[in-house]
Structure formats: structure tokens, C-alpha cells
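Take a look at the structure below.
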Amino acid sequence: MAFLTNFYVFLFYFAAFVLVAGLARKIIQYARTPAPLKIPTTPAPTTGRGVVFRMMREVVLFESLFRGNKWTWIFGWMFHFGLLLVTLRHLRYFIEPVWFPIQLVQPFGIYGGIAMVVGLAGLWARRFLVDRVKYITSTSDHLILGLLVAIGCTGLLMKFVFHVDVVEIKHFFQGLYSYDIEPLPADPLLLLHLFLVAMLMIIFPYSKLLHAPGLFFSPTRNQVDNPREQRHIAPWARKLERS
Amino acid sequence: MAKATFEVPELTQYTEVPSVTPGAMAHSAPFKSKEDFQTPLGFPGELVDDWQTKAIDKMGELLGKYRSLRVYMDACVKCGACTDKCHYFLGTGDPKNMPVARQDLMRKVYRRYFTLSGKLFPKLVGAEDFTQDVLDDWYSYFHQCSQCRRCSVFCPYGIDTAEISMAAREIMDSIGVGQKYCNEIIGKVYKIGNNLGLPGPALIDTLEGLEEDVYDDTGVKVRYPIDEEGAEILLVTPSADFFAEPHVDGLIGYGKVFHEAGVSWTLSTHASEAANFGMFIGSYDNMRRVAQRIREAAIKLKVKRIVFGECGHAWRVAYSFLNTLAGPWDFLDPRYPVPQHICEFTYELIRQGKLNLDKSENDDKVLTYHDSCNVARASRMGNTPGGQFEIPRAIIRATCNNFYDMDEDTIRDRTFCCGGGGGLLTDDLMELRVKGAKPRLDALNNVIQEKGVTHMAAICAICKSQFTKVLPYYGLEMDQIVSVHQLVSNAIVLTPGPDDDEDEDDDEPDLDGPNEEEETDEAA
Ligand code: SF4
Ligand code: SF4
């Protein structure tokens, strides 16, 4: 038992480190790389405030995807919104006391879990049913979908079929903050669920899941349309002017 | 009309999404550049030794210079929203013409050499070594992208395949694999001053001819000046405007508008080209060098404003990049944006009621309007977003009585490329051009059938040349494509100057361009 607990302690420290360090590295890399030319997809906002609004519509509503493909939008939005609710619900394991809004969101988190799995199923089905999407799908795309579905299903099973001791789980995670190791319930479903979540955290900075930070750095979406009013020049391009 | 050596698709009422046909366009590739065309641009003359390492190094360099490339290589989730948006896929069914699959040609190399997952588990994430086969695929399919950015409109992360095509072409050029059409043309700009390779005296001659034609036609002396120091406005226009049809009718229109505005203006032999093919090959250096000519001309001619003629990608480079590449423009009149589009100029006059327009002069036509991709999705006109859609339409409405838009899904920022943009307007890519035009022509044909449309107006030299060439393949007439300023030219009622004769000369002038179509449409 001690071995299992220790293994998960190590796993979560490791996964958290990879996630944070990997993402930080990527974000710094994106931020440091200049965008030498103004390339917003027009019509584009002409003010910074407009860009924030455009970005919010992309993040919250998936506006471009909505224009692009309604099915993918429905399933994609369902999955992401579900994931958001589930994540909020899970915050109760990580904070003490549990904030009031997080308490409120608890029941919705369950619907979120269901929406998540249904959305994923729809997205996965497209990978088999639409010949174009099938063509562009690689093994890793299936694996990531599989991983997410498995996380969702194990979670739902614990909620609805095989209950686990949530109090002990909470103690385990609270303990991690202060390296105060508490035993993890040896429930196979829980162990699987947690293992898969750790995997997700580890692959995040090395996979297409980078779309999350990527969106904020996409020049076609985050640039202000004002090239005539304001001269835009990258440091490496300015060097050309001196020669 | 040229005989097709391939099957020309049937136009359909709505463009249907074809099923995936792997390899359908694998045979399509433009002529390769030769040493003579490579060297002036600073590229090696032939495939260099050790090309693979050099290409990877170049890719690394570009990943550090362009955030777009860096982010877009990572961010795609293969959602498929872009897969049915590219006119080349819609026209050919070749899956590698789906934007995401086109990106993947580069992404698989990126993953192999620049990502942990691709180094460790290449098979799993679809990473591949940069082999000769992959390079051949690059050459073929990155020259089946007109950099129209339609895909970027629908992508949840705004991934712009044009950025990736440009980077791929830059990488290929850097190892000696260039495309003849683009690189030869850029060389001509450096040597002679424009894409068509028209020397100064020929331009002067042509413009004198235009002045005579307009005088014969209208009885009013409209000037078409070139290299006139101290003029207020420098007009930079695609060189196709000097010779090709219907481009030249647009140029005639610009002159008439300036005449009515009462401003002095001039063309320049040094900057006798608005096009900038440096963008198509993704080369910042070459794009900058081409753009610098405009700065030089503006300084030399001591002008106060710069106005661009009708050209799509040229307007993108002008509107979005000129300030970056050749600015700052602090020596010009600060009351006007630099540069301005001729449509902005004309529209302003119309708004102020300064143009006397007789719409009935265009009553022989029922018009529609083609939004050129670079104008629609990579630039703006006027002060408000979307002005690039409204201003040209407002001009058309002011100059003719019959106007109908095409299907909403195929105009404005969802417009379809003409099929010849992005450095693909060459005869060695005729099959691609014809098939890629299908989605646009489906929509055009629809308004022809339903609304009785007879002509389509455009503000892009490439679009005009491309449609002139491909319309006949589909059983339409080549002269169904017109310039927006051709409509202005027809409708405008000129104010006679002091030395003009009062009674009009009604003889039909001979406006046929002096040149027949050249072997390659070096328009722009
Ligand atoms: S930029 Fe245009 S031509 Fe290129 S892949 Fe996207 S839609 Fe196709
Ligand atoms: S729409 Fe964007 S994210 Fe989706 S497959 Fe295309 S490029 Fe990738």
C-alpha cells in the first residue's frame, strides 16, 4: 500500500512539474518569437480592446469554428464546456475551505462530466465517419481522445457506480502541498483515473494540447488592424535597416 | 481558347464537397527556377549538397523569426474545420489540398526534428524524415496554395496555411529549389522595374497612346503622366494595367478620376509595379527590396501621397506591410493614410459629390463583384473594419444600375480565390488554375442563371488575368470580367479643360491593347 501511495505521490509531483515547466517553456518561446508582419485575418478590430473582445469570443464561443463546421463546434464546445465544469467541481479536492461558487457548481460538474464524454464521442465518431477528417487523423489523435474518454468514464463510474472515499482523496492531495503523505484509497478505478490524469498532464506540453496557449499567441487573431497608423517592426527586421 | 489536356469540371449550382481522392493532383508542379533566376534573389542556383541539413537549419531559423509559424506548427488539433474550405481541394478532391493536410507536409518534418514526441515516437505522431519524396511533395503542394487565407477564417486558432506555404517556399529557395515563374519575375522587377519587364520608354509610349485614345473617345484631355517631379500623388499600379485587358480600362478610369479631382499625379518608371512577388515566396528580404523602390520613387518625385491601383496581393503588401518594409512615411502629407487605395480615393470623391456619374453608361451590363482574397482577408479600406467589402460595392452601385451579389457563403471574408493567386498564375499550372476556379465560378454561374448577371467586376490584376484565361474553359466569355475602375471610366462625365473642344467626337476609338496575351500572364 505504501508503495502505491508513494508511486502516486511521485507521479503527481512529476506530472505537475512537467506540466508547469513544459507550458512555461512553450509560452516563453511563443512570447519571445517576434511576429514581423501585420497579419490579422480581416476584418479585424482596429483597437486593443476590440482584439480582447475578438479573443474572448474565440475562447468562450469558438466563433471561428462555429463558422467553419457546426457539428465539430457542437461537440467541441460541449466537451470543453463540460471539461470546465468538471474542473471546477474537482477544485474541491484542492482547496480548503471550498469557496462558495465551487460549492454551487458541484451538481453541474456531474452534467459537465456527461457532456464531456458525449462531446468526445461525437468528435471521435467524426474521425471515422467523415473521410476528410479520417485522412488527417493520426494515431496520436485517437490516443488523446481515448485518454480523455477514459478519464471521463472512470470519473463517472466512480460517481454513479463504484463510490470511492472522497475525503481520503482530498487528504491525499492536501498532503501533497506540504509533502505530508497521506494514504491513497487503493481503489482500482480511482488509481486508473488518477494515472490517466497524470498522463494527460505530462503529454500536455508535448502535444496538440498546446492549442490552448497557442490560441492566445495566434497573430491572425491577436493583432490590431492598424498597420497604416502605427509602424510595426520586429527587432530582427530593424537590423536590416541599418545595413 | 486553349484545349484542355485534363477534364474540366462541370459547374454545379452549389459547390459540393468532393470525396477524398488521394494523389489526384500529385502530378502538378510548376517549372523549376534556373540559376539565372535564383542568383539575383540571393538563392543558390541548384539543389545544394547536404540540402537536408540546410533545410532543417533554415526551418529552425524561420521558427525563431515568425511567431505565426512557431504557433501554427504546434496548435492544430486536426479538428477538420478547414478541410472543405480550400478551393483547390473543392476543385480537385486531392486530400493534400486540404489546408490541414498541406500544413502537415511541413508539420511532419517539424515534429521529427523539433519536438520531443516526434523524436521519440515518430510513427505515433506522424513525424517523418525530410526525404527527397517529402521535398517533392512540398514542391508540388506548396505550389497548390494561392495563399488566399480562406482556411484561416474558419480555423479555431486562426491557423493560416498561407504563412506555412510562404515559409516552405522560403526554405526551398534557400536550398536551391525555386519556382521559375515567381523568381524570374522578381528578377525583372530588380532589373527593369516591373513584372512584365516593360522598360521606361515603352511605358511612356503606352501612356501617350492612352491620352490620345481618351481624347478621341471623350474630347477631353485627360493626362496620364509619368515621372513628373512635384506631382501631388504617386500612383503605383500593377504593370498589367499598362497592357492587359481588362486591366488597362481600369488605368484609364484612375486617370479620369484624378482629372475630375483636379489633383496632379504621376506614375513612376522606377516603381512601375505595385505587385510584390516577394510575399509569395515568403522572402522578407526580397519583399523589402521590392517595396523599397516605392520609397525611392516617392522621394525622388517629391510626391505628397501614395495611391495604389487595383491589385489584390499588392494591396495587402501596401496596406499591411509597406509601413513596416519601407516606412516611416513621415515625409508625406500626414492628412492622408499611406498608402491609399484608388477605391478609397474614388469613394471619397463620390461621397463628396465631386464625380458626375452617368450610371446608364453601364446599362449594357448586369454586375456582380468578386472580393479578391488578399483585399478581403488581409487588408482594409477606409476607417472601419469591412470597408474593403463596402467601398468597392459602393463604387459599383454608384456607377451602374444593375448589381447583384453572389451567394453569401462565397463573398466578403468567405470569398473564394480566383484560383490563380499566390504566384500560381502561370501556364505550367493551368490544370490547377482551372480546377481551383470552380468554386468561384459555381457561384458566378448561379447569379448568371438566376439574376441575369453578365459581368463580374474585380479589383485585382491577378484575378482579372486568371478569369480572362479560365472563363472560356467553362464555356463563359473572357470579357465577362471587368475592372471596377472600368465601370467608373464608363460612367464618369468628364469636365472639359480650357483647351478641349466642346463638341464630342463620337467615333468609336480603338482601345485594343497593343499586346495580345503573353505566354504567361505576368500580371499581378
Ligand atoms: S491559403 Fe487558400 S489556397 Fe492555401 S490552403 Fe488555405 S484555402 Fe487553400
Ligand atoms: S481548422 Fe485549424 S485546427 Fe482544425 S484542422 Fe484545420 S488547421 Fe487544424
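Every number in this text was worked out from the coordinates using simple rules, so none of it is lab data. Note that the structure is a prediction, hence the values are computed from the model and not measured. Glycine gets a Cβ as well: all are built from the backbone with ideal geometry, and neighbour counts include every protein chain shown.
Structural descriptor for chain B: relative contact order 20 percent, calculated from alpha carbon pairs under 8 angstrom and at least 6 residues apart. In terms of its Cα atoms, the range B:1-67 spans 47, 33, 20 Å along the principal axes, sorted from long to short. The packing ranking, built from the mean of other Cβ atoms within 10 Å per residue, places the peptides B:473-483, A:93-103, B:280-290 in the order B:280-290, B:473-483, A:93-103, highest first.
Bridge orientation summary for chain B: considering DSSP beta bridges with both residues in this region, about 10 percent are antiparallel. For the range A:21-32, backbone phi angles converted through the Karplus equation (6.51, -1.76, 1.60; θ = phi - 60°) give residue-by-residue couplings of 5, x, 5, 4, 4, 5, 5, 5, 4, 4, 5, 7 Hz, Gly and Pro being listed as x. Our Cα-only numbers for the range B:35-185 put the radius of gyration and Dmax at 15.1, 43 Å. The orientation-averaged projection of the convex hull spanning the C-alpha atoms of the range A:1-142 amounts to 13.4 square nanometres. For B:LYS180, the aspartates and glutamates whose Cα comes closer than 13 Å to its Cα, not counting residues fewer than 8 places off in the same chain, are B:GLU35, B:ASP36, B:GLU46, B:ASP427, B:ASP428, B:GLU522. For B:PHE308, the residues whose modelled amide H falls within less than 5 Å of its own, excluding neighbours fewer than 5 places apart on the same chain, are B:VAL236, B:GLN340, B:HIS341, B:ILE342. Within chain A, the ratio Rg/Rh, alpha carbon atoms throughout and Rh by Kirkwood, equals 1.04. Over the protein assembly as shown, the fraction of Cα-Cα pairs per 10 Å bin, rounded to whole percents and listed from the shortest bin up, is 3, 13, 23, 23, 17, 10, 6, 3, 1, 0, 0. Inter-chain Cβ neighbour count for B:379-385, averaged per residue, equals 4 (cutoff 10 Å, partner chain atoms only). From largest to smallest, the equivalent ellipsoid semi-axes obtained for chain B from the alpha-carbon gyration tensor read 39, 26, 20 Å. Just report the Cα centroid separation between the range B:329-348 and the range B:1-35, whole Å. Value for the Cα centre distance between the two parts: 40 Å.
Shape annotation for the range B:179-327: C-alpha extents along the principal axes are 47, 31, 24 Å, from largest to smallest.
If a spin label sat at a point 7 angstrom from the Cα of A:GLN174 along the line to its beta carbon, the backbone N atoms of the range A:71-115 nearer than 11 Å would be those of A:93-98.
Can you give me the convex hull volume of the Cα atoms of the range A:155-243, divided per residue and expressed in Å³?
Details: hull volume 18.6 nm³, N = 89.
In the range A:155-243, the Cα convex hull volume per residue is 209 Å³.
Under 5 Å from the amide H of B:ILE492 lie the amide H atoms of B:ASP358, each residue being 5 or more positions distant or on a separate chain, with H modelled from the backbone and absent for Pro and chain starts. Mean separation of Cα pairs under 8 Å and 6 or more residues apart, divided by the residue count, gives the range A:45-228 a relative contact order of 26 percent.
Each residue, A:HIS90 and A:THR139, gets one label point 7 Å from its Cα in the Cβ direction; the gap between the two is 2.6 nm. Taking 14 Å as the straight-line reach from the Cα of A:LYS208, the aspartates and glutamates in range (excluding those fewer than 8 positions away in the same chain) are A:ASP141, B:ASP74, B:ASP104. Size check on the range A:1-49: the Cα extents along the three principal axes, sorted descending, read 60, 19, 16 Å.
Per residue of chain B, what 222 nm ellipticity follows from adding -39500 (n - 2.57) for every DSSP H run with n ≥ 4, rounded to the nearest 500? All intermediate terms of the calculation are to be shown ahead of the outcome.
On the way: 24 runs with 233 residues, N = 524.
Counting only the DSSP helices, I get -13000 deg cm²/dmol.
With bins 10 Å wide beginning at 0, the percent of Cα pairs of the range B:341-399 falling in each bin runs 22, 50, 26, 2. DSSP beta bridges fully contained in the protein assembly as shown are about 10 percent antiparallel.
3J(HN,Hα) couplings calculated from phi for the range A:193-210 with the Karplus curve 6.51 cos²θ - 1.76 cosθ + 1.60 (θ = phi - 60°) are, in sequence order, 3, 5, 4, 5, 4, 4, 4, 4, 4, 6, 7, 3, x, 10, 9, 5, 5, 5 Hz; Gly and Pro show x.
Each of the peptides B:360-373, B:189-202, B:34-47 was scored by the mean count of other Cβ atoms within 10 Å over its residues; in descending order, highest first, they stand as B:360-373, B:189-202, B:34-47.
Give me P(r) over the range B:290-413, computed from all C-alpha to C-alpha distances, binned every 5 Å, as integer percentages. Spelled out per bin, shortest first, that is 2, 10, 18, 20, 18, 14, 9, 6, 3, 0.
Are any of the pairs B:LYS34/B:LYS78; B:LYS54/B:LYS119; B:LYS85/B:LYS256 more than 29 Å apart by Cα-Cα distance, and if so, which? Walk me through the numbers on the way to the answer.
Values: B:LYS34/B:LYS78 37 Å; B:LYS54/B:LYS119 19 Å; B:LYS85/B:LYS256 39 Å.
Violating the 29 Å limit, Cα to Cα: B:LYS34/B:LYS78; B:LYS85/B:LYS256.
Listed as lacking a disulfide-compatible partner in the protein assembly as shown: A:CYS153, B:CYS76, B:CYS79, B:CYS86, B:CYS145, B:CYS155, B:CYS182, B:CYS311, B:CYS343, B:CYS400, by the criterion of no other cysteine Cβ under 4.7 Å.
Counting only residues at least eight positions apart within a chain, or on another chain, the lysines with an alpha carbon under 30 Å from that of A:LYS170 are A:LYS159.
Taken about its Cα centre, the protein assembly as shown carries a charge dipole of about 5480 debye when Lys and Arg each add +1 at the Cβ and Asp and Glu each add -1 at the Cβ.
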